[in-house]
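First the structure, in the form of structure tokens, and then the observations on it.
The values are calculated or read from the model by the stated rules, or taken from the named source; none is laboratory data. If you're wondering where the values come from, they're calculated on a predicted model, not measured in any experiment. Neighbour counts are summed over all protein chains in view; Cβ atoms, including those assigned to glycine, are modelled from backbone coordinates with ideal geometry.
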Amino acid sequence: MNTPLPARAADERRLPSLRRGAPLTLHFEGAPLAACEGESVAAALLAAGIRRFRATASGEPRGPYCGIGVCFDCLVVIDGLANVRACQTAVRADMKISRQLGWGEGPDGP
Ligand code: FES
């Protein structure tokens, strides 16, 4: 059973301060998306509220599960290259990212 922690305990679990890298802009399916140097593609997409990264060959949605490069549920297409693990890829300015469909096709085809 999940019992809410007292307010003071919840505050103590927060990071006191987090220094972020320089801001940059990616493109996710044609739309600009803000990120910071040092973040993974998965972190940037999740921070933007994007949870569905790919679809299986049968069309089932998938998103990051392990976050450590093991499950391959975070595969995306980056700059035309399919099967890239978003959780293992650092962001770069002007990256063009799209959801992966099936075995490596993006919305614009394989
Ligand atoms: S989230 Fe599991 S490999 Fe990326």
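The residues of region 92-107 that are free of Cβ contacts under 8 Å to residues at least 40 places away in the same chain and part of a loop (DSSP other than H, G, I, E, B) amount to a single one, GLY104. Cβ contacts < 8 Å: first residue farther than 15 Å from ARG51 by Cα, restricted to region 65-77; second residue among the basic types (Lys, Arg) and within 6 Å of the ligand (Cβ to nearest atom), any location; separation 6+ or different chain. Result? Taking only residues 6 or more apart or on different chains, the pairs are GLY69/ARG85. Condition check for SER40 on (1) away from the ligand (no atom under 13 Å from the Cβ); (2) of a type in the set (S, T, N, Q); (3) under 26 Å from ARG20 (Cβ atoms): one failure, at (1). Once region 1-52 is narrowed to residues that are exposed (fewer than 10 other Cβ atoms within 10 Å of the Cβ) and hydroxyl-bearing (Ser, Thr, Tyr), the residue that is modelled with the lowest pLDDT is THR3. Looking only at residues of region 60-91 that are part of a strand (DSSP E or B) and exposed (fewer than 14 other Cβ atoms within 10 Å of the Cβ), we find that the one that is farthest from the ligand (Cβ to nearest atom) is LEU81. Given the criteria away from the ligand (no atom under 12 Å from the Cβ) and out of contact with any helix residue (DSSP H, G or I) (no Cβ under 8 Å at 6 or more places or on another chain), does ALA47 qualify? When the stated conditions are applied, ALA47 passes them.
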